[in-house]
Number of protein chains: 2
Amino acid sequence: MPKVVDHDERRRELADAVWRVIRRDGVEGASVRAVAREAGWSPGSLRHYFPTQSELLSTAMNAVVERIDTRMGDFRDLAPTDPRAQVEQALHELLPLDAERRAENEVWLAFTARALVDRELRARHREVDQSLRRVCTWAVETLAGKGKGRAKVDVATESARLHALMDGLALHAALTSGRQGDHITKVLAHHLDTLT
Amino acid sequence: MPKVVDHDERRRELADAVWRVIRRDGVEGASVRAVAREAGWSPGSLRHYFPTQSELLSTAMNAVVERIDTRMGDFRDLAPTDPRAQVEQALHELLPLDAERRAENEVWLAFTARALVDRELRARHREVDQSLRRVCTWAVETLAGKGKGRAKVDVATESARLHALMDGLALHAALTSGRQGDHITKVLAHHLDTLT
């Protein structure tokens, strides 16, 4: 009988190894070689799954999206008893406010930097970007409430503004090595105040 | 008599060559080799001025800062007869709204992406970032006007918010290859409306 290889299982196992290396050594440290060592594979076998560094980064990005989706789902499924608090908590999941989210943010920025110059990654980046935009649209609509409040809001423009603000804050946080956690939550809180 | 070499003049000449290559081939095309070819130098002599790609990027960034400073000076020196229009025009100089500013934005983002992982570039990035923050502070103070209006504004928070928004918009514009010029000016105009 031929040996049966569960490729999905292997890919998951490797994605976990990618994630561990990034948490420990940063995105720069997550070379094909380093991930192979972490997973106990030969670099050659690893290249079957991740032929390029871009593929590896793309897999790490998928893991980030899954993690955020899981955490955000909890907030977004709640009945909006306190829309402002609910929106704020959900958006905090996207900001680098602890070691876990700083690692996610680092992957997101590395993935974004690569997408600027790598056309193959651009399409995947757009998908992730659109899902972030949907979160921003949900936030704007939730804050605007129903009826008259919502009618006054240009949802597309407000969502684009919140989205740009979130990306800008995440970038600034990364460049100051996360020393500005309080600062970025304060700026976001002020922005949400103006939307409520 | 020994040959006198004007290093500053040479550096300027090279900075011009870097800029021409970036305008034509993008930041990715601006390797030490490509810049040497453009300037008519040997790669070896070029490395005397730019030992690394980071140095080359840093020089390109200096050129961007000088260009923006020159253009912004015109607006900032005006008496504020129409503060809103003046601020908007000045901030537009920072956004990728034409080929020239798209090239500048590309340099800024490449420089930022490198600063995320290169500690040497981080200090120089912080300087540039602080000068952008000062422009945002000037914008917020100019819009708030004097006296009562200004007293109500938390200038530090508003400047940080405008700064993050500007960086986010520039990033989004670059990722959509500048097809969103109208879109980003609309989002910025809306933001300035809320500050006036």
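Hey, which of the helices (runs of 4 or more DSSP H) in segment A:93-196, taking only ones fully inside, have at least 3 residues that are surrounded by fewer than 16 Cβ atoms within 10 Å (Cβ to Cβ)?
Per the criteria, A:119-144, A:148-151, A:181-195.
When B:Arg101, B:Arg37, B:Arg84 are checked against the criterion of being farther than 18 Å from B:Leu171 by Cβ and without any contact (Cβ under 8 Å) to a residue 24 or more places away in the chain, a single residue qualifies: B:Arg37. Just need a number here: residues in segment A:40-68 that are touching a residue at least 12 places away in the same chain (Cβ under 8 Å) and within 17 Å of the chain's Cα centre (by Cα). Residues in segment A:40-68 being touching a residue at least 12 places away in the same chain (Cβ under 8 Å) and within 17 Å of the chain's Cα centre (by Cα): 13 in total. Suppose we keep only residues that are loosely packed, with under 12 Cβ neighbours inside 10 Å and among the β-branched types (Val, Ile, Thr) within segment B:1-48. Which one would you say is nearest to A:Val117 (Cα to Cα)? Per the criteria, the residue is B:Val5.
Against the conditions (1) loosely packed, with under 13 Cβ neighbours inside 10 Å; (2) within 30 Å of A:Trp138 (Cα to Cα), A:Val65 satisfies every one except (1). Taking interchain pairs and intrachain pairs at least six residues apart, which have beta carbon atoms under 8 angstrom, with the first residue in segment B:117-146 and within 11 Å of chain A (Cβ to nearest Cβ) and the second outside any helix (DSSP H, G or I)? Listed pairs, sorted by first residue: B:Val117/A:Gly26; B:Leu132/B:Leu94.
Taken together, A:Ala99, A:Ala151, A:Ala85 contain a single residue that is of a type in the set (A, V, I, L, M, F, W, C) and at pLDDT below 85, which is A:Ala151. A:Ala189 meets all of the listed conditions (1) under 16 Å from the mean Cα position of the chain (by Cα); (2) in contact (Cβ under 8 Å) with a residue 60 or more places away in the chain; (3) at the interface with chain B (Cβ under 10 Å from one of its Cβ atoms); (4) farther than 29 Å from B:Leu121 by Cβ but one, namely (1).
The values are calculated or read from the model by the stated rules, or taken from the named source; none is laboratory data. Model, not experiment: these values are computed from the prediction. Every residue, glycine among them, receives a Cβ derived from its backbone with ideal geometry; neighbour counts consider all protein chains shown.
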